[in-house]
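Here's the structure, in structure tokens; my notes come after.
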Amino acid sequence: MVKSAFSHVEHWVFDLDNTLYPPSARLFDQIEAKMVAYVMETLGIDHGAADKLRGDYWRNHGTTLAGLMADHDIDPEPYLVAVHDITLDHLEVDAALAAHIAALPGRKIVYTNGSAPYATRVLAARGLSGLFDGIYGVEHAGYRPKPERSAFERVFAQAGVDTTRAAMFEDDPRNLTAPHAMGMRTVYVSPEPHEGDHIHHHTTDLTAFLGQLR
């Protein structure tokens, strides 16, 4: 039944963080700490204020970066380098996930609100290098973040994604709203389900879910 729902799909779009690796890896804990430190130093505010601002910007702008650019006109490139300077030593290679992705018919891309160089590092640590036809970061969307539809449209235009024959895998339910509206099959990858007409499937285990499509 799941397999038939994807029989038309020829374009496979994967988010990165907490999607192509499990949330238990807690990489975003490291990234959030780097974000707070960057905001503290750049704006000259204390830890509590910086952490609150980080969260507010994520909720209201889609990413902390988008809020900082809008309100403080920061240069995005140094920020992206700084916040993604984290250790990936505890990520594990997932050979089964690699095999399932390799078996998917058609084009496969990664699209993250992080940077493409960071995504490349994470994919290597997971044993997923060489499986994707393209790796797209927020820089490819003109630094506009998911969930903005314009960000998806910009990246999908570059990647040649036909959204009527595509699927999107994401850990943030907000980021499935635009793909759903654009005609994509949507899969929410998270330990807990989320109700919404824009979510077609939910899985706690991406590897197992993709295994059903073979």
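Odds and ends about this structure:
- The distance separating the Cα centre of region 155-193 from that of region 56-123 comes to 16 Å.
- Remark: region 197-209, residue by residue, has Karplus-estimated 3J(HN,Hα) of 5, 7, 10, 8, 9, 10, 9, 8, 9, 4, 4, 5, 5 Hz, where x stands for each Gly or Pro and the curve is 6.51 cos²θ - 1.76 cosθ + 1.60 at θ = phi - 60°.
- P(r) of region 49-98 over all Cα-Cα pairs, binned every 10 Å from zero, in whole percent: 22, 39, 21, 17, 1
- Once the Cα gyration tensor of region 95-185 is diagonalised, semi-axes √(5λ) in Å: 21, 16, 12
- The distance between label points at Asp75 and Ala5 comes to 4.6 nm (points 7 Å beyond Cα on the Cα→Cβ vector).
- Summarising the amide proton neighbourhood of His202: residues at separation of 5 or more, or on other chains, whose placed amide H is nearer than 5 Å comprise Tyr188.
- Placing unit charges on the Cβ atoms of the charged side chains and taking the dipole of the chain about its Cα centre, the candidate lying farthest along the positive direction among Ala25, Gly134, Met69 is Gly134.
- A crude spin-label estimate for the pair Arg154 and Asp205, with each label 7 Å from Cα along the Cβ direction, gives 3.8 nm.
- When Rg and Dmax of the Cα atoms in Å is computed from the coordinates, the matching label among (1) 16.9, 55; (2) 19.8, 67; (3) 17.4, 50 is (1).
- Amide H contacts of Arg185 (H built 1.01 Å from N, under 5 Å, at least 5 apart or other chain): Ala166, Ala167, Met168
- With both labels modelled 7 Å from their Cα along Cα-to-Cβ, the Ala102 to His194 distance reads 3.2 nm.
- Oblate is the label for region 136-187. Its Cα gyration tensor axes, ordered a ≥ b ≥ c, give a/c of at least 1.5 and b/c at or above a/b.
- Long-range amide H partners of Tyr136 with built H, under 5 Å: Val110, Tyr111, Thr112
- For Asn60 and Arg121, the FRET efficiency from 1/(1 + (r/R0)^6), where r spans their Cβ atoms and R0 equals 22 Å, is about 0.15.
Since every read-out is calculated from the coordinates, none of them should be taken as a lab result. The structure displayed is predicted, hence computed values, not measured ones. As a convention, Cβ positions derive from the backbone with ideal geometry for all residues, glycine included, and neighbour counts pool all protein chains shown.
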